[in-house]
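Visitor: There's a structure below that I have some questions on.
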Amino acid sequence: MTETADRSYDVAAVRRALAIGPGSPREARTIDITTLGRRTGRPRRIEIWFHHVDGRWYLSGMPVPRSWHANLSAHPHFTFHLKNGIHADLPATAVPVKDSAVRHRVLSAVVALQDQPGLRMRVTQRQRLEDWLEHSPLIEIVFDDERLRPPLS
């Protein structure tokens, strides 16, 4: 990837930071990712929420085209930056989620966050699951460090 990833992090602390749930605060789910630009190949760092559903990690977004998604589609290797409580730069690979049952399960959990106190999404009106299922990007995050991966099912 474009940045040197530090593999000397505290694995137990990183695992705790990754173990977010529906009641986790905004800060716990807010990370940065560094992708490579789809056209330029230059590093692009943005802030985004990550989601932990059924023991796996995901990135998604409102049901509109997203530059980060286009970048990951062109260059799936990226850096996942934990920055709240613990700081760690984790190399990862983006895997598009195409399976409709998985998309439904994960995006249902994402849309349900708008009902969590203190986690209101920054939208002016309530989001509809149907719109997310039809138009939202959904990427599974696979960490390069096998110590962070979920057990095989």
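Each reported figure results from applying straightforward, stated rules to the coordinates on display, with no laboratory input. These numbers come from a predicted model, not from an experiment. When we count neighbours, we look across all protein chains shown, and the Cβ atoms used for this are built from the backbone with ideal geometry, even at glycine.
Visitor: Residue by residue through region 32-46, which ³J(HN,Hα) values in whole Hz follow from phi under the Karplus form 6.51 cos²θ - 1.76 cosθ + 1.60 (θ = phi - 60°), with glycine and proline marked x?
Guide: My calculation for region 32-46 gives 10, 10, 10, 10, 9, x, 4, 9, 8, x, 7, x, 10, 10, 9 Hz in order.
Visitor: State the extension gain, in nm to one decimal, for the chain segment bounded by residue 98 and residue 11, taking 0.36 nm per residue of separation less the distance between their alpha-carbons. Don't jump to the answer; show the numbers that get you there.
Guide: On the way: separation 87, 0.36 × 87 = 31.32 nm, distance 2.99 nm.
Length difference between fully extended and current span is 28.3 nm.
Visitor: Please list, ordered by chain and number, the residues whose modelled amide H lies under 5 Å from the amide H of residue 61; skip anything fewer than 5 residues away on the same chain.
Guide: Correct list: empty.
Visitor: With r defined as the distance between the Cβ atoms of residue 134 and residue 84 and R0 fixed at 30 Å, what FRET efficiency is calculated, to the nearest 0.05? Please report the intermediate quantities before stating the final value.
Guide: Working: r = 32 Å, r/R0 = 1.06.
The pair residue 134/residue 84 has a calculated efficiency of 0.40.
Visitor: With +1 on the Cβ of every Lys and Arg and -1 on the Cβ of every Asp and Glu, and nothing else charged, how large is the dipole of the chain about its Cα centre, in debye rounded to the nearest 20? Display every interim value, and only then the final one.
Guide: On the way: 22 positive and 17 negative charges, 66 e Å.
Magnitude of the dipole: close to 320 debye.
Visitor: In addition: If the convex hull of the alpha-carbon atoms of region 30-119 is projected onto planes in all directions, what is the mean projected area in square nanometres? All intermediate terms of the calculation are to be shown ahead of the outcome.
Guide: Values: hull surface 26.0 nm².
For region 30-119, the mean projected area of the Cα convex hull comes to 6.5 nm².
Visitor: Give the relative contact order (percent, whole number) for the chain; include only Cα pairs under 8 Å separated by 6+ residues. Intermediate results must be reported in sequence, preceding the final value.
Guide: Working: 250 pairs, mean separation 42.8, N = 153.
In percent, rounded to a whole number, it is 28.
Visitor: Of all DSSP beta bridges in the chain, what percent run antiparallel (nearest 5)? Kindly include the intermediate steps, with their values, before the conclusion.
Guide: On the way: 29 of 29 bridges.
Rounded to the nearest five, the antiparallel share is 100 percent.
Visitor: Taking only DSSP H segments of four or more residues, each worth -39500 (n - 2.57), what value at 222 nm results for the chain once the sum is divided by all its residues, to the nearest 500 deg cm²/dmol?
Guide: Values: 5 runs with 40 residues, N = 153.
Computed mean residue ellipticity for the chain: -7000 deg cm²/dmol.
Visitor: Another question about this same structure. Kindly put 48, 139 in sequence by how many other C-beta atoms sit within 10 Å of each C-beta, fewest to most.
Guide: Details: 48 15, 139 25.
So the residues, fewest neighbours to most, are 48, 139.
Visitor: Using Stokes-Einstein with the Kirkwood hydrodynamic radius over Cα pairs, what translational diffusion coefficient do you get for the chain at 4 °C and a viscosity of 1.567 mPa s, in µm²/s rounded to a whole number? Could you put the intermediate results ahead of the total?
Guide: Numbers: Rh = 15.9 Å.
Answer, rounded: 81 µm²/s.
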